[in-house]
Amino acid sequence: ARTIAVSGSASGIGETLAGQLRDQGDTVIGIDLRDADVCADLSVPEGRASAVAETLDRAGGRLDGVVACAGVSDFTIMPVKVNFFGVVGLLDGLRPALAAAEAPRAAVVGSISGTHPVDDDVVRHCLELDEPAAIAAATKVEESGYGGQLYPSSKSALAQWMRRVSVTPEWAGAGIPLNAIAPGVVLTPMSAPLFEDEGMVEVMKEAVPMPLNGFAGPEVIAEALRWLVSPANTHMTGQVIYVDGGAEAVLRGPSD
Ligand code: NAI
C-alpha cells in the first residue's frame, strides 16, 4: 500500500481526497490545524517544521505522495502565509522522503483566481522565497483595502513556483511529478459563506463562469488530484490543470 500525506485533510477537498485514498487502500497521513493525524499551523515556519517532522516520523522517512490542499481565502495576508509559504515549506520539507519512494508523486491546489489581477510585489517576493518581504508587501496591500488581491496573488505565485521547480533535478530529476489542479468554484466550507448571499452568487457566476455543469463538488477535484499522485502518472509534470467547468477557457479565450 502507498502512504500519502494530505494537508487540509479536515475539510472540503482535502477531506474528500483523504477518503478516496483510504477507500482505495492507501494509508493517509492527514495534516491540518485540528482533527488530523498531524496537527500543525502551516501559516508559520515553526508549524511547517513540526508538520514535516511529524509526517516524516509517521511515514518512516518514505512517502509515496504529498497533496497540499490546505488553504485560506480571506482578505488578509493569511493566503500568502498558508497558500504559498505553507505549501512550499511542506513540499520542500517532505521532498527527500518522496525521493526515497519507488513512484513518488506530488500535487498542489491552485485556483482559477490565479488568472485574476495580482499584486506584483507580493508575487515577486514569494518567488524569491523571501517570506518577511512578501508579508511586508502583503500587509501594505491589506492595509490599503485591496486584501482581496492576496488570494489570487498567493495562487499565482504557487502556480509559478510549481512550474519552475517541477523540472529541476530535485523534482523531475528525482522522478517526482509535481502538478496543480486549479478549480473554479467548489462547494466546500470555504465557499459556503458566498452562497448565503444571492447577490454574491451572481457576482461569482460572472467572475468564474462555469458553462460545463456549474459549481463543482469536492469529489471531482479530489479525483483529479488522485490521478496526479497515482503511479499511472509517469509523464505529466509542471502543469496547472483547470478543473473549472470551462472557466479558464472562457476567461482567457482560445488563444493557445
Ligand atoms: P476548506 O476550508 O473546506 O478546507 C481547507 C482546510 O485547510 C481546512 O481544514 C483548514 O483547517 C485547513 N487549513 C487552513 N489554514 C491552515 C493552516 N494554517 N494550517 C493547516 N491547515 C490549515 O477549503 P477547500 O475548499 O477544501 O479548499 C482546499 C483548497 O482548494 C484550498 O487551497 C483552496 O484555496 C482551494 N480552492 C478552493 C476553491 C473553492 O471554491 N472551495 C476554489 C479554488 C481553489
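The numbers here are math on the coordinates, done by the rules we state, and not lab data. Small disclaimer: the values here were computed from a predicted structure and weren't measured. For neighbour counting, all protein chains shown are included, and Cβ atoms are generated from backbone atoms with ideal geometry for every residue, glycine included.
A compact table of results
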quantity: Residue order, fewest to most beta carbons within 10 Å, for D120, D92; calculated: D120, D92
quantity: With Cα atoms, 0 to 90° folded angle of helix 198-207 axis to the chain main axis; calculated: 70 degrees
quantity: Exposure proxy ranking, count of Cβ atoms within 10 Å, fewest first, for E46, E15; calculated: E46, E15
quantity: Rounded to 10°, Cα long-axis angle of helix 12-23 versus longest principal axis of the chain; calculated: 30 degrees
quantity: In degrees, nearest ten, helix 131-143 long axis to first principal axis of the chain (Cα); calculated: 20 degrees
quantity: Distant alpha-carbon pairs in segment 76-216 (separation over 18 angstrom), percent; calculated: 60 percent
quantity: Residue (of V165, S191, S153) at the positive-pole extreme of segment 138-199, dipole from beta-carbon charges; calculated: V165
quantity: Surrounding net charge for L178, when Lys and Arg each add one and Asp and Glu each subtract one, Cβ distance under 12 Å; calculated: +2
quantity: Dipole axis of segment 1-146 (+1 Lys, Arg; -1 Asp, Glu on Cβ), positive-most option in G8, S113, S73; calculated: G8
quantity: Cross-link reach list, lysines versus K81, counting only Cα pairs under 22 Å and skipping chain neighbours closer than eight places; calculated: K140, K155
quantity: Ranked L56, L17, L90, criterion: other C-beta atoms within 10 Å, fewest first; calculated: L56, L90, L17
quantity: Segment R62-K140, length gained on full extension (0.36 nm per residue, minus Cα span); calculated: 24.0 nm
quantity: Cβ charges +1 (Lys, Arg) and -1 (Asp, Glu), total dipole of segment 7-114, debye; calculated: 240 debye
quantity: Label-to-label distance, nm, for residues given as D120 and E170 (7 Å Cα→Cβ offset); calculated: 2.7 nm
quantity: E102-V44 FRET efficiency (beta carbon distance; Förster radius 30 Å; 0.05 resolution); calculated: 0.35
